[in-house]
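Report on the following structure.
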Amino acid sequence: MAEPLNPAPGLTLVYDGDCPVCSTYVTRLRLRRAAGHLDLLDARQSPDLVQQMAQRGYRLDEGMLLIVDDRYYHGAAAVHVLALMSGGSDWFNRLNYHLFRSPRLSSVLYPMLVAGRRALLWLLGRKPLSAG
């Protein structure tokens, strides 16, 4: 079993606020007290940030972005780190931990979630983040 992370306070999670699954995920996530405060940033409200992150190589259409101080975790790495920091306070966070505690399993499952997100946005008539 992987050891929980204890990062310094100052966590920011950039996600797609137009994606119902992404929004539900970030609002249900409960981090251990030791993880510090988590700022949630809707990428749809910050198009300049989306462009800036793309220039750094982080395509937010391909995954959420977790920033821990000066370290960046994108996509599968982000959900893996969040799983290690999440508390087991409820069924959702326990499930999140068990699904994403392994980097290998995270890297297998996360692309399926991204594909599901794309399909859901298309069905809802919402554009990708990169479309502005």
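The values are calculated or read from the model by the stated rules, or taken from the named source; none is laboratory data. All of these numbers come straight from a predicted model, not from anything done at the bench. Positions of Cβ are generated from backbone atoms using ideal geometry, with glycine treated the same way; all protein chains shown enter the neighbour counts. With ligands, DNA and RNA removed, areas are computed over all heavy atoms of the protein, side chains included. Shrake-Rupley method; radii C 1.70, N 1.55, O 1.52, S 1.80 Å.
Worth pointing out:
- Within the span defined as segment 97-109, every residue fails to be of a type in the set (S, T, N, Q) and open to solvent by 70 Å² or more (accessible area, probe 1.4 Å).
- When segment 21-51 is filtered for residues that are among the hydrophobic types (A, V, I, L, M, F, W, C), open to solvent by less than 60 Å² (accessible area, probe 1.4 Å) and under 19 Å from GLY116 (Cβ atoms), the ones remaining, listed by number, are CYS22, VAL26, LEU29, ALA43.
- Residue in segment 28-43 that is out of contact with any Lys or Arg (no Cβ under 7 Å at 6 or more places or on another chain), in a helix (DSSP H, G or I), within 14 Å of VAL14 (Cα to Cα) and modelled with pLDDT of 90 or more present: yes
- Qualifying residue in segment 1-15 (condition: in a loop (DSSP other than H, G, I, E, B), of a type in the set (S, T, N, Q), open to solvent by 50 Å² or more (accessible area, probe 1.4 Å) and at pLDDT below 90): yes
- Subset of segment 15-39 (residues that are without any contact (Cβ under 8 Å) to a residue 60 or more places away in the chain and either among the basic types (Lys, Arg) or farther than 19 Å from TYR97 by Cβ (or both)): GLY17, SER23, ARG32, ARG33, HIS37, ASP39
- One residue stands out among those in segment 117-129 that are part of a helix (DSSP H, G or I) and out of contact with any helix residue (DSSP H, G or I) (no Cβ under 7 Å at 6 or more places or on another chain): the one that is least open to solvent (accessible area, probe 1.4 Å), which is LEU121.
- In segment 69-96, residue surrounded by the fewest Cβ atoms within 10 Å (Cβ to Cβ) [restricted to those that are modelled with pLDDT of 90 or more and part of a strand (DSSP E or B)]: ARG71
- Checking ARG104 against (1) closer than 28 Å to LYS127 by Cβ; (2) out of contact with any Asp or Glu (no Cβ under 8 Å at 6 or more places or on another chain); (3) of a type outside the set (Ser, Thr, Tyr), the condition it does not meet: (1)
- Of the listed requirements (1) farther than 22 Å from ALA131 by Cβ; (2) in contact with a helix residue (DSSP H, G or I) (Cβ under 8 Å, 6 or more places away or on another chain); (3) not β-branched (Val, Ile, Thr), PRO20 misses just one: (1).
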